[in-house]
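For reference, the structure discussed in these notes is given below.
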């Protein structure tokens with residue numbers, strides 16, 4: 001690598017911060033902070049995309065960086081904050097597994113993720129290939145968060161964090177997907193969140209709470 | 001042109017019904033758009049028969065024998081379901097279960113759902129396929145919760161989250177596939193997700209990455225197919241949503257999701273160095289069949305019963321595709337067709353039966369045959385057809401699958417036979433008292449639409465006795481395309 005220079009180090013720093021953020025999310029029970037962390041994650045993702053665009057000179061990456069800022073760092077967190085205020089859900093209850101247990105699980109998952117990413121990392125020719133393991137870790141940690149949380153809102157943050165991980169993975173392995181696909185995915189995420197907003201109000205109307213344990217009655221006669 | 005019409009029809013329908021969906025004539029309008037889509041699908045089919053494979057819209061759309069028959073099937077069942085929904089939704093309104101506003105949502109989303117499925121089937125871009133599959137989930141989430149009952153909200157949430165997570169796995173698989181393809185097809189990235197290009201270079205793709213990609217894609221899209229153990233959302237979404245939605249979810253969406261898996265399988269199986277996808281599908285399929293047939297016992301809810309039966313049949317189909325080879329693939333394609341037609345017909349009769357009884361609980365539905373012989377017979381004949389009684393089409397396809405299994409996977413044959421027997425006993429035992437016996441059913445304010453039911457069952461009957469040569473030709477071409485292993 002001729003110029004393993006400052007910008008690559010910055011990129012790697014972004015990747016490391018993304019992983020840290022995932023752990024921060026895992027340990028955070030305050031929903032408002034969780035959404036803020038998600039916004040920071042979106043922002044970091046945009047910075048990483050921008051750096052990569054500058055480094056590789058691929059113009060469509062500038063565009064997806066702009067899209068990331070608009071959607072993941074600004075609009076979706078704003079929407080979630082609004083929902084939180086309107087629905088008054090500020091705290092998640094104790095997760096199914098306590099925080100320290102979850103963190104330990106998270107560590108194991110990171111080891112597993114790097115193992116999983118090994119064959120891809122070896123084959124990748126991108127300069128950012130070392131970040132692929134981190135992307136897989138972010139995806140799996142978000143998955144863990146979705147499994148262990150009870151409140152609908154935390155699960156949604158987990159879902160979006162997983163999407164961020166996927167985006168980061170696509171970027172570090174292949175410098176992003178084709179534009180039409182990226183646009184389509186962004187559109188789907190946007191629509192998903194809008195549907196979710198409607199949906200939350202329906203749940204709220206019915207149960208007067210967003211705790212998912214209300215949503216377990218179907219298990220009994222299943 | 002035909003393609004434009006095919007996709008434009010439901011798109012126009014979604015917009016128009018978004019405005020007019022609450023009007024008195026909206027159900028008819030819905031059916032008109034449905035019939036337009038079906039006619040466009042027929043025209044497209046005619047063109048494919050005349051000219052062979054089509055590559056349209058700057059290579060973004062690709063029509064071949066495999067997807068054109070699914071397009072026609074989807075448009076057809078979409079159309080007949082809109083015919084069934086005409087009286088059904090009116091009755092629901094008079095029973096006070098939905099309001100005019102929700103009827104508008106229903107009509108608009110129904111057309112949107114048709115559109116997403118047709119895009120998923122016709123697109124050549126594997127990324128767009130993903131986008132369309134996710135959009136199909138999103139357009140139906142609010143339909144599953146249409147009644148706003150506690151149970152339907154729970155079902156909707158499960159559907160949203162489980163399919164969302166599943167489809168995120170599929171996105172990862174798509175990214176990995178892109179990663180593998182980019183190595184061969186160049187970093188331009190424009191062609192690396194186009195299926196026709198992938199198909200051309202399928203033997204050169206990196207086997208290790210391909211294997212990883214396929215596992216993620218199978219788990220991701222497999223969630224939407226409803227394969228055990230990823231099926232959790234399926235019975236709830238089928239049982240709690242309005243019946244027309246149960247019919248299209250079961251009859252169409254599951255097929256489309258399976259179609260997505262098969263597109264990737266055909267790329268995998270041509271690569272001798274890669275992991276063979278067959279055994280994975282065989283085991284998932286077999287697990288679904290066994291699990292679902294035992295879950296059929298102790299069901300209380302009639303729609304839940306037939307939802308589990310859908311899991312069972314998707315399992316059979318996945319099993320057959322997993323075995324691969326011309327005969328098994330042929331049988332699986334036939335089974336996809338007849339299952340789709342039969343299951344939607346059953347849901348049509350079940351919907352009206354539940355309305356008559358005022359309950360979806362099987363214990364409350366009694367003696368359908370005394371008050372309305374057509375619904376009773378429809379349910380009885382439909383159930384016999386889905387259980388694989390000769391001379392219906394399901395018998396023909398299951399027979400083919402079982403005989404192939406005896407040759408290729410002899411150990412699995414007894415398991416399959418036992419599971420099918422268990423399913424037979426479970427479903428027949430429940431359906432029989434619902435059709436015969438004393439009745440407590442009431443008269444409906446709108447005459448139920450039973451033409452779709454008997455049309456579907458008639459087609460299934462014909463397919464059981466005789467597969468028309470051009471259809472057989474299609475199946476063979478598609479079976480060849482899907483390949484073995």
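Evaluation of residue B:116 against the conditions (1) within 9 Å of chain A (Cβ to nearest Cβ); (2) in a helix (DSSP H, G or I) shows that the sole unmet condition is (1). Per this entry, residue A:149 is counted among residues that are within 12 Å of chain B (Cβ to nearest Cβ) and farther than 29 Å from residue A:54 by Cα. Among the candidates A:104, A:190, A:141, A:108, the residue that is within 13 Å of chain B (Cβ to nearest Cβ) and part of a helix (DSSP H, G or I) is uniquely A:190.
Of all positions in the range B:170-178, none carries a residue that is in contact (Cβ under 8 Å) with a residue 60 or more places away in the chain and over 24 Å from residue B:484 (Cα atoms).
Scanning the range A:179-193 for residues that are in contact (Cβ under 8 Å) with a residue 60 or more places away in the chain and either more than 16 Å from residue B:123 (Cβ to Cβ) or surrounded by 18 or more Cβ atoms within 10 Å (Cβ to Cβ) (or both) gives A:182, A:186, A:189, A:190, A:193. Take the residues in the range B:1-40 that are within 23 Å of residue B:87 (Cβ to Cβ) and not in a helix (DSSP H, G or I); name whichever of them is modelled with the highest pLDDT. If we take residues in the range B:1-40 being within 23 Å of residue B:87 (Cβ to Cβ) and not in a helix (DSSP H, G or I), then B:25 is modelled with the highest pLDDT. Can you name every residue in the range A:172-219 that is modelled with pLDDT of 75 or more and over 22 Å from the mean Cα position of the chain (by Cα)? Matches in the range A:172-219: A:201, A:202, A:203, A:204, A:205, A:206.
For the range B:120-137, name all the residues that are more than 18 Å from residue B:249 (Cβ to Cβ), assigned to a helix (DSSP H, G or I) and more than 8 Å from every other protein chain (Cβ to nearest Cβ). Scanning the range B:120-137 gives B:122, B:126, B:129. Residue check: residue A:155 meets all listed conditions (1) within 9 Å of another protein chain (Cβ to nearest Cβ); (2) within 14 Å of residue A:68 (Cα to Cα); (3) in a helix (DSSP H, G or I) but one, namely (2).
Restricted to the range A:117-135, and to residues there that are within 13 Å of another protein chain (Cβ to nearest Cβ) and free of Cβ contacts under 8 Å to residues at least 24 places away in the same chain, the residue that is surrounded by the most Cβ atoms within 10 Å (Cβ to Cβ) is A:117.
Collect the residues in the range B:273-327 that are without any contact (Cβ under 8 Å) to a residue 60 or more places away in the chain and farther than 23 Å from residue B:343 by Cα, keeping them in residue-number order. Answer for the range B:273-327, where residues must be without any contact (Cβ under 8 Å) to a residue 60 or more places away in the chain and farther than 23 Å from residue B:343 by Cα: B:279, B:283.
Restricting attention to the range B:138-172, the residues that are buried (at least 24 other Cβ atoms within 10 Å of the Cβ), more than 8 Å from every other protein chain (Cβ to nearest Cβ) and over 24 Å from residue B:241 (Cα atoms) total 1. Exactly one residue out of B:217, B:230, B:252, B:234 is at pLDDT 85 or above and outside any helix (DSSP H, G or I): that is B:230. If you check B:347, B:395 for being farther than 21 Å from residue B:284 by Cα and either more than 17 Å from the chain's Cα centre (by Cα) or not in a helix (DSSP H, G or I) (or both), only one passes: B:395. Hey, among the residues in the range A:48-93 that are part of a loop (DSSP other than H, G, I, E, B) and touching a residue at least 60 places away in the same chain (Cβ under 8 Å), which one's surrounded by the most Cβ atoms within 10 Å (Cβ to Cβ)? So, considering only residues that are part of a loop (DSSP other than H, G, I, E, B) and touching a residue at least 60 places away in the same chain (Cβ under 8 Å), the one surrounded by the most Cβ atoms within 10 Å (Cβ to Cβ) is A:92. Taking the range B:176-214 as the range and being out of contact with any helix residue (DSSP H, G or I) (no Cβ under 8 Å at 6 or more places or on another chain), away from every other protein chain (no Cβ under 13 Å) and not in a helix (DSSP H, G or I) as the test, only B:203 passes.
The values are calculated or read from the model by the stated rules, or taken from the named source; none is laboratory data. A quick note: this is a predicted structure, and the numbers were derived from the prediction, not measured. So basically every Cβ, Gly included, is an ideal-geometry build from the backbone, and we count neighbours across all protein chains shown.
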